[in-house]
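Engineer: Following this message is one structure expressed as structure tokens.
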Amino acid sequence: MITSKQRAKLRGYANGLEAILQIGKGGVTPTVLKQLNDALEARELVKGKVQDNCMLTAREAAQELAEAAECEIVQVIGSRFVLYKGRKKDPIYSLD
């Protein structure tokens with residue numbers, strides 16, 4: 001669990017990121033989940049976007065993905081969301 005101070009720091013890091021995860025009309029599929037896990041392993045911080053034709057809201061999609069990938073929701077704004085899963089070894093982002 002991350003604190004509100006750490007969440008604010010991660011929001012700042014995520015500000016300059018592009019959305020690399022797209023949730024379409026199929027919703028949260030095993031393929032999307034695999035892409036998320038690979039991206040979290042490589043980047044720790046992932047920004048995603050829910051397309052207009054998706055039946056889920058951004059909050060619902062982020063919640064499903066966070067539970068499945070065992071990561072944290074940093075923020076949800078409009079159709080975009082940010083997820084974080086820190087590495088134990090060699091972290092990219094400092095939360096101190």
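Engineer: Looking only at residues in the range 23-48 that are among the charged types (D, E, K, R) and closer than 16 Å to F81 by Cβ, which one is surrounded by the fewest Cβ atoms within 10 Å (Cβ to Cβ)?
Structural biologist: The first filter runs over the range 23-48 and keeps only residues among the charged types (D, E, K, R), leaving 25, 34, 38, 41, 43-44, 47.
Of the ones still in play, those that are also closer than 16 Å to F81 by Cβ are 43-44, 47.
Values: R43: 15, E44: 18, K47: 20.
Among them, the one singled out is R43.
Engineer: Under 7 Å by Cβ, and 6 or more places apart or on different chains, what pairs join a residue from the range 29-45 that is touching a residue at least 12 places away in the same chain (Cβ under 8 Å) with one that is of a type outside the set (A, V, I, L, M, F, W, C) and surrounded by 19 or more Cβ atoms within 10 Å (Cβ to Cβ)?
Structural biologist: Listed pairs, sorted by first residue: E44/Y84; L45/Y84.
Engineer: If I ask for residues that are touching a residue at least 12 places away in the same chain (Cβ under 8 Å) and open to solvent by 40 Å² or more (accessible area, probe 1.4 Å), which ones from the range 61-76 would you list? First the steps, then the outcome.
Structural biologist: Step one: of the range 61-76, the residues touching a residue at least 12 places away in the same chain (Cβ under 8 Å) are 61-62, 64-66, 68-72, 74-76.
Hits for the range 61-76 are E64, A68, E70, E72, Q75.
Engineer: Here's something else I'd like to know. Within the range 77-92, restricting attention to residues that are assigned to a loop (DSSP other than H, G, I, E, B) and free of Cβ contacts under 8 Å to residues at least 24 places away in the same chain, which residue is surrounded by the most Cβ atoms within 10 Å (Cβ to Cβ)? So that I can check it myself, show each step before the final result.
Structural biologist: We begin by selecting, within the range 77-92, every residue assigned to a loop (DSSP other than H, G, I, E, B); these are 78-79, 85-92.
Adding the requirement that they be free of Cβ contacts under 8 Å to residues at least 24 places away in the same chain leaves 78, 88-90.
Details: G78: 9, K88: 5, K89: 4, D90: 5.
Only one residue fits best here, namely G78.
The values are calculated or read from the model by the stated rules, or taken from the named source; none is laboratory data. Remember, it's a predicted structure, so these values are computed and weren't measured experimentally. Reconstructed Cβ throughout: ideal geometry from the backbone, glycine too, with neighbour counts over all protein chains shown. Each accessible area value is taken on the protein alone, full model and side chains, heavy atoms only, with ligands, DNA and RNA left out. Shrake-Rupley method; radii C 1.70, N 1.55, O 1.52, S 1.80 Å.
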